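What follows is a short report on a single structure.
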Amino acid sequence: MQQLITQTIDLKNGKADDKRREIREYFEKTWAVDELLYTQLKSDEVFYHRGDPLRHVLLFYLGHTAVFFINKFFLAKMIDTRINPDFESIFAIGVDEMSWDDLDERHYNWPKVSEVREYRGKAKAVILNIIDNAPLKLPITWDDPFWIVLMGIEHERIHLETSSVLIRQLPLNEVLSGRFGSPCTEYGEAPSNKMLPVPGGEIKLGKPANHHFYGWDNEYGNHTEMVADFKTSKFLCSNAEFLEFILDNGYVNKSNWTEEGWHWRNFKQANMPLFWRKNADEYRLRLVAEEIPMPWNWPVEVNYLEAKAYCNWRSAREGITYRLPTEAEWYRLAEHCKIADVGERQRAQGNLNLEKYSSACPVNMFAQGDFYDVAGNVWQWTETPISGFAGFKVHPMYDDFSTPTFDGKHNIIKGGSWISTGNEATLHARYAFRRHFYQHAGFRIVASEQALVIHNNEYETDAEVTLACEAEWTTPDPQTQNFSQQLATHILKITNQKPGKVLDLNADTGRLAFELAPFSESITAIDFSARFIRMPVQMRDQEFMRYIVTDECELLHYREIVLSEIANSTGSKKIQFLQDNANNLKTLYTDYNLIILAQLLEELTLPVSFLQKIHKRLLPGGLLVIASTYNWDRNNIERSQRPGGFKRDGEPVNSYEGIKDILSPHFSEFTQAINLTQIRPLSSRTSEYRNCEVSVWKKRN
């Protein structure tokens, strides 16, 4: 496997032709090592198994990394034709177990493995053609086409690691060992783990905008924090150390656990780490594709909840307050130990980047200053929930990479593991997982007199999202009713307050769905962006949401919207909020009584094609409601895909007439079209007024 090892690409320095060849090699090695990972499955049948009940079957991930490239290229208009629209829908979404994820396997008609491999071959040809022919200039910035190429490559490297964790959870008789590198074979007694001092200091976090490595959006921005002196363990917590916790009834003593942790422990009936096995008095450790006698001197691999329970147990036993490091403390430790970023050395300083082993290794093998495994071996849980630094902004081609995790429920892991490659192996990497999730992750403990302060980003600050909330959940003009309320009133009137089974295909922040819910049989509310969907999910589940909007310069408004004060909360649990792409909608969305396209047509890439097929998703006699400004220029929709706004045979065709003509084979006009005004805030003192025409069409029996 050594021939496949490489580091992430310097996007700033060098010559363009050389950089193109370097990126091509980086892509091909990434593709090859990803496919090598799946050779550990005993047969193709295993692709249809799930390593974790909260994740998709493994076949999803084989298709997902290829589909990601094609979907992003299509979104960025780097290609204008899809390879397989069905594949590019079913393999599109499913990384984190968000509350809006559709993980019901009955909704997925998974294709043959051979078909997915054939698709990967076609996708690879498209990707290589982009790499070979897209314009390239240095430095490559996140507005350039090659940034999207690197986005796909680094995304695939993330799944190299996360998929290995899923394979590690399969039954041992479904995997083959010896196919993916060489695990470490050095086992022994664990070393005595001392607490050593780390001097405090001011830590500046945030990747510079002009940094030479690719970065995910959450890495950028600025944050300064003063870290007090602290002590931390010389080694990562070993399996032997964690055994003491287990033998002292650590898993069954409620006082060791946070409330969240205790609920998880009882739900899972956990009594030892996920990858541990016990036969009589013998402990063994499950690696990705094999089982070995317990290596007591290797780092224990646990989730955050277990790591925190260990800290609480040890604090009670020794009378010293132990906890996990914060993100800033990890950076202070890395700075103190002079940890070099990738690119500054030809080889990693520790068990990182697949350069040493295809497993963890002893905690006392790789010294980094006075400490060991500050970077590498296994990831390290921190106390810090992830959020954006000051100046954070999302990348328009992947707007839901980070923000769905800014919920206080995803804690940052630092340092990388043995299989962390590419961006994951860099010092600026910021990845976070739900606290009950498993990765190749362990922990080291901290003792500090400084009180732990956790900055949870409870108020939504994403400007696009907060302005959408203002538009949907407030009434900036007292003389004009909220647009969603107006539209809901119209819909309830034409349906005699019985909308039936509803599909809302541009849910935004969810107001329309909540207005219709008390009268509906069920509502499926879909939006393209998880950034937006997570707001109504919070509203549905907690019955309130909070966000911040800018007033004047540094002045802010802090909004708290309570559902019971705004809308009738009855029936809100009947709403299923989902992230999906209306441009390439899954076939499972069918048999509705009512479909609503609220300002969706002007957001679509192919609105004419969409309208030609929409009848397939409605029941006979079902209604289609279209609300649109007909602003086809906003997203540069091609003329052939515009329903109207042009001349045909010398005569003007407006959009309403064009829509009527497109729908006429399957629909008849149900009511006379009306106009509704929507006020869309741009700031606290500037708003955009939109005049939307609302038409209603009935599908013929």
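Only the coordinates and a few stated rules stand behind these numbers; no lab work does. On a predicted model such as this, the values are computed, not experimentally measured, just so you know. A quick note on method: Cβ atoms are made from the backbone with ideal geometry, for glycine too, and the neighbour counts reach across all protein chains shown.
State the volume of the convex hull built on the alpha-carbon positions of the range 432-556, expressed per residue in Å³ and rounded to an integer.
On the way: hull volume 21.7 nm³, N = 125.
Taking only Cα atoms, the range 432-556 has a hull volume of 174 Å³ per residue.
Given the range 523-592, what whole percent of its Cα pairs are spread farther than 16 Å?
On the way: 1431 of 2415 pairs.
Of the Cα pairs, 59 percent sit more than 16 Å apart.
I want to verify the translational diffusion coefficient of the range 195-447 in µm²/s; compute it with Stokes-Einstein, Rh as the Kirkwood radius over Cα pairs, at 4 °C and 1.567 mPa s.
Working: Rh = 18.7 Å.
In µm²/s, the coefficient is 69.
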Neighbour-count order for 226, 397, 539, fewest beta carbons within 10 angstrom listed first: 226, 397, 539
log10 of Debye I(q)/I(0), alpha-carbon scatterers only, for the chain at 0.05, 0.08, 0.12 Å⁻¹: -0.26, -0.68, -1.41
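Using the count of nearby Cβ atoms within 10 Å as a rough guide to exposure, how do 529, 484 rank from fewest to most?
529, 484
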Amide hydrogen neighbours beyond the local backbone of residue 341, cut-off 5 Å, H modeled: none
Under the span-like rule (Cα at least 20 Å along the axis, Kyte-Doolittle mean at least -1.0), DSSP H helices of the chain: 58-75, 113-133, 145-168
Summed side-chain charge close to residue 89 - residues other than residue 89 whose Cβ falls under 11 Å, Lys, Arg +1, Asp, Glu -1: -1
3J(HN,Hα) from dihedral phi, the range 351-362, Karplus parametrisation 6.51/-1.76/1.60, rounded to Hz, x for glycine, proline: 7, 9, 6, 6, 7, 10, 9, 9, 6, 5, 8, x
For the chain, cysteines whose Cβ has no other cysteine Cβ within reach (under 4.7 Å): 237, 311, 337, 469, 553, 692
Whole-Hz ³J(HN,Hα) from phi, Karplus 6.51 cos²θ - 1.76 cosθ + 1.60, for the range 616-631, glycine and proline x: 5, 9, 9, 6, x, x, x, 10, 10, 10, 10, 10, 8, 8, 6, 8
Which of 412, 23, 419 has the fewest Cβ neighbours within 10 Å, and the rest in rising order: 23, 412, 419
